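First comes the structure, then the notes that go with it.
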Amino acid sequence: MKKLMVDIKNHLMTGISFALPVIIAGSLMVAVAKIIGIAFGASDLNQFADVQGIKNWLYQTQEIGFKIIGLMNYILGAYVAYSIAGKKGLAAGFTAGLIASITGSGFLGAAIGGLLAGYSSDWVARKVRITGSAATSVPLIILPFITVGLQVLVMLLLLGDALSWLNSSLMSWVQEMTKDGTSTVVLAAVLGGMICFDLGGPVNKAAWGTANVLFLSGVYLPAILVNVAIIIPPLGYAAARFLRPANYSQTLKEAGNGSVIMGILGISEGAIPFTLKNPARLIPLNVFAGIAGAMTVALLKAYPIMPPLGGLYGGFTVGNAWAYFAGALVGTLVIAFGANLLVNFNDEPTGSAQADDFAADSIEIKFD
């Protein structure tokens, strides 16, 4: 049972990893159009729906962006199924995404439907055998008939209304949480601490996955909180390295150069070579910084004005952008000063080969 649960988690994360480029692409289209629209003095591009020229192009770009984001359920269902059964699961997986969009069951419907599509496709491919000239009918006719039929029977007729109600209830609960100031701050503390705990490990991925699940259903504030927390550790150690360069070995100085870019892009793994120096002291520091940064964003009441982007530049997709940048700054300063007080980074750490390998793979940037 434990192995099955691990497999299901991995399949779901595979589906999310395929859906993320779709989310990012659509979000970029919306963000670019809205930012240019603001330059024209218009925060609502819908007013350009019936005009001509560049203003209408901005409106169309925004609409295309939202339609791209609307593909998320389809991609999620299809590639959860693909991770289980390969291309045999794609037809039923796309059907799962379609049904999730029609019924309003959202992420839950797409994820459960994708799992059903994948496992049923794998079972039919292994168990149904036809020999002779009709052998090709299994992948072309029998397999999609059974697996797509199961989607209609189970995900539409049997579970459609229940999953739609459950999805709506969960989204309403989270939305109420984000409206209650105290609950939002608690949510920020939990997500921020989890993101910075293991820098890309299972705890980090659990928080990241939760935020993206909510993103898929149109609840954007948790993604904003997570996006801020992700950039804090790499930027924090980069700042610490520049504040007190004599406290760092040459290897970590080079890693710090790369951490600048990783922080801007939102890649928390940029902090790993520093944290490896003294995990017992630096993991709690990272967690505290993530909590402080995310709570600052919540307390200053950042809010989504469009599908939010990750990275430091994601602040431009957030209402009260200064709150986003203030949260990033607070978390960065916690690490920048705390790391130098707690640890001497000059000696090569135990397991320095890990840091060397990381530095070799990092983006190289030089500051004279």
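Quick notes on this structure:
- Residues in the stretch 149-170 that are under 29 Å from the mean Cα position of the chain (by Cα) and open to solvent by 40 Å² or more (accessible area, probe 1.4 Å): L156, L159, D161, A162, W165, L166, S168, S169, L170.
- In the stretch 270-307, the residue that is nearest to the chain's Cα centre (by Cα) out of those that are within 16 Å of G327 (Cβ to Cβ), open to solvent by less than 10 Å² (accessible area, probe 1.4 Å) and of a type outside the set (A, V, I, L, M) is G290.
- In the set A92, A110, A100, only one residue is closer than 15 Å to T14 by Cα and under 27 Å from the mean Cα position of the chain (by Cα); that residue is A110.
- Verdict on V174 being assigned to a helix (DSSP H, G or I), open to solvent by 30 Å² or more (accessible area, probe 1.4 Å), in contact with a helix residue (DSSP H, G or I) (Cβ under 7 Å, 6 or more places away or on another chain) and more than 26 Å from L333 (Cα to Cα): no
- The stretch 322-368, residues that are in a helix (DSSP H, G or I), modelled with pLDDT of 50 or more and among the polar types (S, T, N, Q): T332, N340
Conditions (1) open to solvent by 80 Å² or more (accessible area, probe 1.4 Å); (2) touching a residue at least 12 places away in the same chain (Cβ under 8 Å); (3) part of a helix (DSSP H, G or I), marked per residue:
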position	(1), (2), (3)
I36	no, yes, yes
A42	no, yes, no
N46	yes, yes, yes
L58	no, yes, yes
Q62	no, yes, yes
F66	yes, yes, yes
L76	no, yes, yes
S83	no, yes, yes
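To keep it simple, each residue is scored yes or no on (1) crowded, with 19+ Cβ neighbours inside 10 Å; (2) at pLDDT below 85; (3) touching a Gly at 6+ places or on another chain (Cβ under 7 Å).
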| residue | (1), (2), (3) |
| --- | --- |
| L191 | yes, no, no |
| A206 | no, yes, no |
| V213 | yes, yes, no |
| G218 | no, yes, no |
| A229 | yes, no, yes |
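- In the stretch 245-259 there is no residue that is among the β-branched types (V, I, T), open to solvent by 10 Å² or more (accessible area, probe 1.4 Å) and touching a Leu at 6+ places or on another chain (Cβ under 9 Å).
- Per this entry, G266 is not counted among residues that are open to solvent by less than 30 Å² (accessible area, probe 1.4 Å), modelled with pLDDT under 90 and in contact with a strand residue (DSSP E or B) (Cβ under 7 Å, 6 or more places away or on another chain).
- The set of residues in the stretch 92-126 being open to solvent by 50 Å² or more (accessible area, probe 1.4 Å) and within 16 Å of G149 (Cβ to Cβ) consists of F94, L98, Y119, W123.
The values are calculated or read from the model by the stated rules, or taken from the named source; none is laboratory data. All values derive from a computational prediction rather than experimental measurement. Please note: Cβ atoms are built from the backbone with ideal geometry, for glycine as well, and neighbour counts cover all protein chains shown. The area values use the complete protein model at the heavy-atom level, side chains included, leaving out ligands, DNA and RNA. Shrake-Rupley method; radii C 1.70, N 1.55, O 1.52, S 1.80 Å.
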